[in-house]
Amino acid sequence: MNRPAARRTVDAIWRIEAPKLIAALTRMVRDVGLAEDLAQDAMVVALERWPETGIPDNPGAWLMTVAKRRAIDWIRRNRQRDDKYAELARVSELISEDDMDKALDGEVGDDLLRLVFMTCHPALSREARVALTLRLLCGLTTEEIARSFLTSEPTVAQRIVRAKKTLNAERSSFEMPSGEELAERLSAVLEVVYLMFNEGYAATSGEHWVRPLLCQEALRLGRILAELAPREPEVHGLVALMEIQASRLRTRVGDQGEPVLLLDQDRAQWDRLLIRRGLAALERCRKLGRPLGPYALQAAIAACHAEAPTSEETNWIRIAALYEALSRQAPSPIVELNRAVAVAMAFGPAYGLQIVDEIAGLSALENYHLLPSVRGELLRKLGRYGEARLEFERAAAMTRNVREQELLCARAAECDARSSD
Amino acid sequence: MRFMLLVKATGCSEAGVPHSREHRFAKEASLASMAEAGVLLAAERLQPSSGGIRMAFSPEGEPELECGPFPADSWLLAEYLVIESESMEEAIGWARRIPAPGGCERMEVELRRLEDKAHGPRNIGLENDLALQLGMLRQD
């Protein structure tokens with residue numbers, strides 16, 4: 001294997017393994033920044049060795065062994081120094097030989113959840129938490145994070161530096177909180193888990209084929225959380241939402257054994273098992289007898305679609321009502337746009353258009369091609385072909401998806417023909 | 001949130017009078033502490049306004065050009081820093097760390113919050129449902 005090929009393979013493996021490595025190492029050295037450095041060291045070793053030796057059968061375990069050896073070396077070096085410098089005693093107090101044994105064969109899954117709880121320390125701002133999560137738990141580079149949030153790379157880099165410092169200064173513990181503390185951090189934890197899921201799902205439609213694993217990891221964390229905090233409706237709401245959305249994400253294996261992704265809107269392709277699990281989670285949430293929160297509402301909407309045997313049998317009135325509730329609890333332009341479509345389907349295009357027109361001027365939707373797509377569709381239904389054509393043309397100019405572009409151009413041409421009738 | 005700290009020009013900065021060694025060291029140390037804390041995003045010094053041009057745009061006609069040097073008043077910049085902080089209070093705290101020039105004259109720093117075009121995380125559930133629902137709207 002040549003070097004560039006090795007680099008690509010190691011990168012792909014890194015994205016999958018990095019969060020687990022960092023989580024396990026954080027448990028050993030109690031410093032998330034140091035843990036990340038040690039994990040990266042292990043990857044550098046892999047880059048040197050693998051072109052000669054080939055990729056080991058279990059690359060994750062290989063990386064974990066190398067990284068843990070480095071961590072143990074680091075702990076020993078520090079311990080020797082501690083004998084001379086009493087102020088560095090923290091490490092030797094915290095880490096016993098027993099801990100090291102445990103860390104070596106410890107259960108990784110729990111470590112990952114501990115890391116999630118750690119990144120949700122109340123001393124961190126939401127922005128810092130998001131940046132740190134994408135870096136540590138989703139394996140994204142600062143450049144990728146900056147690009148997806150339309151911010152600059154130094155901003156993201158500094159945010160991450162700052163977040164790690166805050167965690168160290170707070171001596172944020174790597175233990176799973178319980179009781180009140182768990183409840184306090186829970187909404188931030190749910191947000192982080194959903195962020196992982198989103199990242200996995202979004203990247204899946206792009207070029208990174210490894211990302212479905214991130215969705216699965218987020219789902220797994222969600223299911224563990226549901227057992228840890230069974231009385232919290234939103235935990236079940238989030239699990240339900242992720243299960244049902246994941247049911248639309250199908251993967252198949254290609255000729256070369258590589259996973260190929262199918263993002264299909266065809267409901268016959270949806271994974272019935274995931275839908276059943278999602279509906280069960282939603283039921284658990286409802287049984288708690290409290291008004292549905294934002295995750296549960298989104299899950300309930302997805303459930304309406306999942307339960308409709310055909311698209312014609314969709315219960316649009318119920319969906320419109322759920323969006324109305326969502327727009328009160330977690331208002332956002334994209335919720336409104338969704339609500340406009342649901343209202344149009346339930347009560348007619350004129351009512352949908354009213355809602356779209358209220359959000360049309362918002363800067364948050366400036367470059368969002370689905371806004372003119374929806375508006376154009378509603379105008380077309382109302383027979384206002386001239387205006388509809390303009391919207392379809394605007395939408396076509398905004399999207400980079402070729403298939404979508406063709407569809408929009410065809411719509412525009414159709415409206416053009418009708419308006420001159 | 002991001003803040004820009006606009007350090008205004010002084011007679012000394014305009015005349016290119018070099019700062020004392022102590023001041024330069026204090027300045028470096030203060031920038032280093034900001035970078036270390038994960039706060040500093042950018043820090044640049046401008047050349048004196050003698051090399052600058054001001055362009056005045058009016059509704060009609062060509063813009064008017066004026067050559068420097070310009071008066072060393074509150075309009076004139078000498079340096080800027082961009083920092084990331086949680087609040088205006090915190091930003092003021094960081095601005096306090098910019099060492100005063102000493103000897104020369106008073107220094108003025110203006111703090112302004114930068115407009116953010118950054119947005120929050122995406123919500124795949126909503127995007128996904130929107131794509132699905134738009135598909136049904138088109139078929140209807």
Given the conditions (1) surrounded by 11 or more Cβ atoms within 10 Å (Cβ to Cβ); (2) out of contact with any Cys (no Cβ under 9 Å at 6 or more places or on another chain), every one holds for B:S50 apart from (2)
Which members of the range A:298-316 meet the condition of being more than 10 Å from every other protein chain (Cβ to nearest Cβ) and either in a helix (DSSP H, G or I) or within 19 Å of A:R231 (Cα to Cα) (or both)?
-> A:A300, A:A303, A:A306, A:E307, A:E313
Helices (runs of 4 or more DSSP H) completely within the range A:361-421 that count 3 or more residues being within 17 Å of A:P333 (Cα to Cα) = A:370-381
How about the range A:167-180: which of its residues are farther than 12 Å from A:M118 by Cα and either surrounded by 11 or more Cβ atoms within 10 Å (Cβ to Cβ) or among the acidic types (D, E) (or both)?
-> A:E180
Residue count, the range A:112-133 (criterion: modelled with pLDDT under 85 and either of a type in the set (A, V, I, L, M) or buried (at least 22 other Cβ atoms within 10 Å of the Cβ) (or both)) | 1
Any idea which residue in the range A:202-213 is surrounded by the fewest Cβ atoms within 10 Å (Cβ to Cβ), counting only those that are within 12 Å of chain B (Cβ to nearest Cβ) and either modelled with pLDDT of 80 or more or not in a helix (DSSP H, G or I) (or both)?
-> A:S205
Could you tell me whether A:T151 is facing chain B (nearest Cβ under 9 Å) and closer than 27 Å to A:Q245 by Cβ?
-> yes
Within the range A:280-312, tally of residues that are over 18 Å from B:L132 (Cα atoms), aliphatic (A, V, I, L, M) and surrounded by fewer than 18 Cβ atoms within 10 Å (Cβ to Cβ) | 2
Would you be able to say whether some residue in the range B:59-78 is out of contact with any Pro (no Cβ under 9 Å at 6 or more places or on another chain), of a type in the set (F, W, Y) and away from chain A (no Cβ under 14 Å)?
-> yes
Criterion (modelled with pLDDT under 95 and more than 14 Å from chain A (Cβ to nearest Cβ)) met by exactly one of B:M107, B:M34 = B:M107
Considering residues of the range A:361-406 that are touching a His at 6+ places or on another chain (Cβ under 9 Å) and among the hydrophobic types (A, V, I, L, M, F, W, C) only, the residue farthest from the other protein chains (Cβ to nearest Cβ) | A:A397
Pick from A:I319, A:I334: which is within 11 Å of chain B (Cβ to nearest Cβ), assigned to a helix (DSSP H, G or I) and at pLDDT below 95?
-> A:I334
Can you find a residue in the range A:224-233 that is of a type outside the set (A, V, I, L, M), surrounded by 17 or more Cβ atoms within 10 Å (Cβ to Cβ) and modelled with pLDDT of 90 or more?
-> yes
Those strands (runs of 3 or more DSSP E) lying entirely in the range B:1-117 with at least 1 residues under 30 Å from A:A123 (Cβ atoms) and out of contact with any Gly (no Cβ under 6 Å at 6 or more places or on another chain) | B:2-8, B:40-45, B:77-84, B:109-113
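The values are calculated or read from the model by the stated rules, or taken from the named source; none is laboratory data. Owing to the predicted nature of the structure, the values given are computational and were not obtained by experimental measurement. Ideal geometry is used to build each Cβ from the backbone, glycine not excepted, and the neighbour counts take in all protein chains shown.
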